[in-house]
Amino acid sequence: GTSGMAASAAEAELLAEDIDDDLRNFEQDELVKAALSKGVDLREYAKQVDDELRQVERDSILDYIKEAEELATLHTQIRQCDSILDNMESMLSGFQGDLADISKEIKHLQDESISMNIRLRNRKAVEGQLSDFITQAVIPPQLVTNICAAEVNEAYIEYVVELNTKVRFAKQEGAQRTMAYRDIHADIDKLRTRAAQRMRDFLLQKVGTLRKRMTNVQILQQAVLLKFKTFYAFLVEHAPDKAAEVLEAYNQTMSSIFLRHFRAHVADLSRMRTEGATKSDVVGEEAESMSFFGQGKHKGEGAFKVGDRAHVLDAMHTPIIPAIVQRSGQSVYEEEIWSSVCTLLVDTVCSEATFCSDFFGASNGAF
C-alpha cells in the first residue's frame, strides 16, 4: 500500500511538470499572447477554434464528396498510367535484354567473320600452291604427244618450255618427297630423254646445213639457229652430253668453213696481186750500178717509196671482194691484201662472238 501511494505521488508530480512545460510553451505562442493581452477567455477561444476546425473539416468532406467521382476517375487513370508505365518498364527491360543479346550476337558474328576471313585467305593460299603443284605434277597427254611425235619447229619451243618446268619441278627436293613424284618421275625422265634426242638431232641437222656451198652463214645463224637457242639451253641443263655433241659439231663445222673461206679469199686476192717492185728496182733515190759489161742507171719509178706506203693502208676500210676486183680487171697490192684479210678476220670474229654469246650462252636466260 505504501509503495502504491508513492508511485501515485510520483506520477502526479511528473504530470504537473508536463503541464508547467506546456504552459511555458503556450506562453511563447503569438496567438496565445495576443488572446491573453486582450483578456480573451481561453476556454471560449479554444472552443471557437475547435468550431472553426470542425467547420473546415465538414467543408473539406463536402468538397471531397463533390469531387469524389472525378477523384475516382483520376484514381483509375493513375492506376492505368501505373499499369502502362509498368508495361513500358517491362518492355524497355526486354529491349535492354534484347540489345544485350544483339550486341553479343554482333560480337560473335564479328569474331566469326574474322575467323572466316583468315580461313579464306589460308584456303586461297593453299589453293594457289596446290594448283601450282598439280599443274607441275600432272603430265597432260597432249604434251606427251607433242614431245614425242610433233614436228620439231618453232611451235616445239613451247612444248620444251612446258617440259622444262616439269623437269625442274621433279628435281626439287620438296617434290621428291611426295607421292606424285614417284608416279611421274619415270615418265618425265622418258620425256626428257626423248625431247633431248630430238632437239640434238634437229640442231645437228641445222649445223650441217652450214657446210653447204654458197650458204650465207650469218643469215642462217640469225634467222634459223638463234630461234632455237632454247633447245641448246635445255640440253645444257638436262642433257649436257648432247649439248657437248652440238657444240663440238658446231666448232668443227665453223672451223672448216672459216678455214676454207679465208684460204679461198687469200688465194683469190693473191692471183690478182701486182708487184710494186721487182728485184731489179731500187727503192729510194736512183743509183748507179756497175757491172762487168758496162755501166747503167736504174730508176725506182715503178717501186713504192718508203714515205708513200702508208697511203694504201689509210685508204682501206672494208674487205676486198675478189669477184668485183676481177670483173673490173684491177690488181691489188700486197698491203691491200693484208689489210683486207685483217679486216675480214676482225669482222668475222666479232660476228661469231656475238652469235656464240647469244646462242651458246642462252642457258643463262632462255627460260
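The values are calculated or read from the model by the stated rules, or taken from the named source; none is laboratory data. Worth saying up front: this structure is predicted, and the values here are computed from it rather than measured. Don't worry about glycine lacking a Cβ; one is built from the backbone with ideal geometry, like all the others, and counts go over all protein chains shown. With ligands, DNA and RNA removed, areas are computed over all heavy atoms of the protein, side chains included. Shrake-Rupley method; radii C 1.70, N 1.55, O 1.52, S 1.80 Å.
Of all residues in region 210-227, those that are at pLDDT 85 or above have Cβ atoms under 7 Å from Cβ atoms of residues that are open to solvent by 100 Å² or more (accessible area, probe 1.4 Å), 6 or more apart or on another chain, in LYS227/GLU154.
Among the residues of region 120-149, those that are in a helix (DSSP H, G or I), open to solvent by less than 60 Å² (accessible area, probe 1.4 Å), closer than 30 Å to PHE202 by Cβ and not polar (S, T, N, Q) comprise ALA137, LEU143, VAL144, ILE147, CYS148.
Just the residues that are of a type in the set (A, V, I, L, M), closer than 21 Å to ALA149 by Cα and surrounded by 20 or more Cβ atoms within 10 Å (Cβ to Cβ), please, taken from region 203-232.
Result: LEU203, single match.
Here GLN172 meets the list (1) farther than 28 Å from SER351 by Cα; (2) surrounded by 13 or more Cβ atoms within 10 Å (Cβ to Cβ); (3) of a type outside the set (A, V, I, L, M) almost entirely, failing just condition (2).
SER60 falls short on exactly one of the conditions (1) within 30 Å of GLU30 (Cβ to Cβ); (2) within 60 Å of the chain's Cα centre (by Cα); (3) among the hydroxyl-bearing types (Ser, Thr, Tyr), and that condition is (2). Of everything in region 250-260, what is surrounded by fewer than 18 Cβ atoms within 10 Å (Cβ to Cβ) and touching a helix residue (DSSP H, G or I) at 6+ places or on another chain (Cβ under 8 Å)? Give them in sequence order. Within region 250-260, THR253, SER256, ILE257, PHE258 qualify.
Within the span defined as region 131-138, one or more residues are among the charged types (D, E, K, R), free of Cβ contacts under 8 Å to residues at least 60 places away in the same chain and under 30 Å from MET199 (Cβ atoms).
The helices (runs of 4 or more DSSP H) located wholly in region 309-364 that include 1 or more residues which are out of contact with any helix residue (DSSP H, G or I) (no Cβ under 8 Å at 6 or more places or on another chain), under 15 Å from PHE262 (Cα atoms) and modelled with pLDDT of 80 or more occupy 334-359. Screening the candidates ARG200, ARG192 for the property of being open to solvent by 20 Å² or more (accessible area, probe 1.4 Å), modelled with pLDDT under 90, under 20 Å from TYR159 (Cα atoms) and basic (Lys, Arg) yields one hit, ARG192.
Determine, yes or no, whether VAL152 is in a helix (DSSP H, G or I), among the aliphatic types (A, V, I, L, M) and in contact with a helix residue (DSSP H, G or I) (Cβ under 9 Å, 6 or more places away or on another chain). The answer is no for VAL152.
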